Amino acid sequence: MVGATDDGWGEGKTVLLATTWVQTLCSAAMLLVPTLAPQIAAAFGLPTGLVGLQVSLLYGVAMLVSLQAGVVARRLGACRASQVAMLVITLGCAVALLQTPLSLFATTLLLGVAYGMTNPAAAQLLSRYTPAQHRNMVYSIKQTGVPLGGILAGIAAPPLAQVWSWHVTFLLLGGMSLLTAFWLQTHQPDWDRDGGVVKPGKGSGSLALLYHRRSLRWMGLTGFCLAAAQLSLISFAVAFMVEELTITLVMAGIVASVMHTAGVAGRLGWGFLADRLGGSLPVLSGLSISIAVLFTLLALTGTHLPQWLVVVLLVLAGATAIGWNGVYLAEVARTSAASEVSEATAAVLVLTYMGVLAGPACVTLLVWLTGSYAISLLLPALAAVMAVICLQRCVCAHRQEQPS
């Protein structure tokens, strides 16, 4: 494997650091506006609730960009594509400083483009520089960039906005992204040296792989289901605790932070376990079953159990429903040819982003129909059950696709 030395890491250590840092900055950029929603809404003359829709639009743009992101990563080179993503974030942060509703819309589009480009490029780099025996752990470490970005935005942005202004947070994030693009240039000639050149996309982009590979379709549907469960938990956990468990808002916020921390630990732990077991699918199946059981318990018994026990269940739900991503992307890379890892990753992420959009929307509808957050948690439980079925179909399809 290119760049992987006998000690199992070699240049891969720097690649892992770079891809994790790029992921962290992209995640922080995505969450900057929601984190500063009151200040942003006041500055741009928009209702605070309307600012909240920015995340949905951003994920929608990222989903559309994923259609061609894999092809772009192969044409430009994965490191060059990561540089472009960093420069797009810098541009998006600069546009936000114009402080108009139109500039906020443009910033959202640019940040969505950057986020959609990041994972396929990272997958291409990691697949080339990661030894097979460390694949799950490496991908899991890289995926910790998502919650780390949230932590960075949550810890740094509000104090900076309070002491100076929200402009400073965008300037700093844009500056860090620009410096990262320059730093990546020191490695770009080596990291993209063996990058393949492909023909331009024909409109369908990475979705062509979903059409030709049934196993990849089922893996993408697995991502759809698990992402729907994850975002349902993240979106409604605090409301569930406050409105139905009568936990104070401050305490609910603390529990939510612990849930995210458990998700980070879970991503690392499940990656380590998958490498020890020599496969991702048993871990993914076990996580899906655990998610289904935990959400079912919360839905049917959450309002009747002691508060401390419900909190334990929520933290366990965080470790599972927020911790699956690294092992999932490692499995996509494992079952894909080296020349199509970026496109395969982009293809499944299209369906995963659909789950991000669909999960909270469906739970919102169910809350409206039933008037209960607890009962509505049965929906992500059902999604996890469907993920188990999709994984089984994926295994069968993969066996059929192997040459006899």
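In region 170-192 there is no residue that is hydrophobic (A, V, I, L, M, F, W, C), touching a Gly at 6+ places or on another chain (Cβ under 7 Å) and either without any contact (Cβ under 8 Å) to a residue 60 or more places away in the chain or under 21 Å from Ile322 (Cβ atoms) (or both).
Taking region 265-281 as the region of interest, how many residues are in a helix (DSSP H, G or I) and surrounded by fewer than 21 Cβ atoms within 10 Å (Cβ to Cβ)? Within region 265-281, residues that are in a helix (DSSP H, G or I) and surrounded by fewer than 21 Cβ atoms within 10 Å (Cβ to Cβ) number 8.
Mind checking which residues of region 224-264 are part of a loop (DSSP other than H, G, I, E, B) and either in contact with a strand residue (DSSP E or B) (Cβ under 9 Å, 6 or more places away or on another chain) or touching a residue at least 12 places away in the same chain (Cβ under 8 Å) (or both)?
Residues of region 224-264 part of a loop (DSSP other than H, G, I, E, B): 245-248.
Those that are part of a loop (DSSP other than H, G, I, E, B) and either in contact with a strand residue (DSSP E or B) (Cβ under 9 Å, 6 or more places away or on another chain) or touching a residue at least 12 places away in the same chain (Cβ under 8 Å) (or both): Leu245, Ile247.
When we screen Gly323, Gly318 for residues that are in contact (Cβ under 8 Å) with a residue 12 or more places away in the chain, in a helix (DSSP H, G or I) and not aliphatic (A, V, I, L, M), the only hit is Gly318.
Evaluation of Ala361 against the conditions (1) under 24 Å from Leu64 (Cα atoms); (2) free of Cβ contacts under 8 Å to residues at least 60 places away in the same chain; (3) buried (at least 18 other Cβ atoms within 10 Å of the Cβ); (4) among the aliphatic types (A, V, I, L, M) shows that the sole unmet condition is (3).
If you go through region 267-281 and keep only what is under 20 Å from the mean Cα position of the chain (by Cα) and among the small types (Gly, Ala, Ser), you end up with Gly269, Gly271, Ala274, Ser280. Take region 111-124 and flag every residue that is surrounded by 24 or more Cβ atoms within 10 Å (Cβ to Cβ) and of a type outside the set (Phe, Trp, Tyr). If the condition is that a residue be surrounded by 24 or more Cβ atoms within 10 Å (Cβ to Cβ) and of a type outside the set (Phe, Trp, Tyr), then Leu111, Gly112, Ala114, Gly116, Met117, Thr118, Asn119, Pro120, Ala121, Ala122, Ala123, Gln124 are the ones that fit.
Does Arg75 meet the test of being farther than 23 Å from Arg267 by Cβ and either assigned to a helix (DSSP H, G or I) or of a type in the set (Gly, Ala, Ser) (or both)? Yes.
Let's see how each residue does on (1) over 19 Å from the mean Cα position of the chain (by Cα); (2) over 17 Å from Val138 (Cα atoms); (3) crowded, with 18+ Cβ neighbours inside 10 Å; (4) in the same structural domain as Leu67 (by TED's automatic domain parsing):
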{"position": "Val283", "(1), (2), (3), (4)": "no, no, yes, no"}
{"position": "Pro306", "(1), (2), (3), (4)": "yes, yes, no, no"}
{"position": "Leu309", "(1), (2), (3), (4)": "yes, yes, no, no"}
{"position": "Glu340", "(1), (2), (3), (4)": "yes, yes, yes, no"}
{"position": "Thr345", "(1), (2), (3), (4)": "no, no, yes, no"}
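Condition (residue is at pLDDT below 80, crowded, with 24+ Cβ neighbours inside 10 Å and aliphatic (A, V, I, L, M)) applied to region 325-336: is it met by at least one residue? Within region 325-336 (the criterion being at pLDDT below 80, crowded, with 24+ Cβ neighbours inside 10 Å and aliphatic (A, V, I, L, M)), the answer is no, since none of the residues qualifies. Picking from residues in region 92-108 that are surrounded by 18 or more Cβ atoms within 10 Å (Cβ to Cβ) and among the aliphatic types (A, V, I, L, M), the one that is modelled with the lowest pLDDT is Leu104.
Across region 22-38, the qualifying residues are those that are surrounded by fewer than 20 Cβ atoms within 10 Å (Cβ to Cβ) and not aliphatic (A, V, I, L, M), and the one among them that is farthest from the chain's Cα centre (by Cα) is Pro38.
The values are calculated or read from the model by the stated rules, or taken from the named source; none is laboratory data. In this text the structure is predicted, and so the values were computed from the model without any measurement. Here the Cβ is made from the backbone with ideal geometry for all residues, glycine too, and neighbour counts use every protein chain on show.
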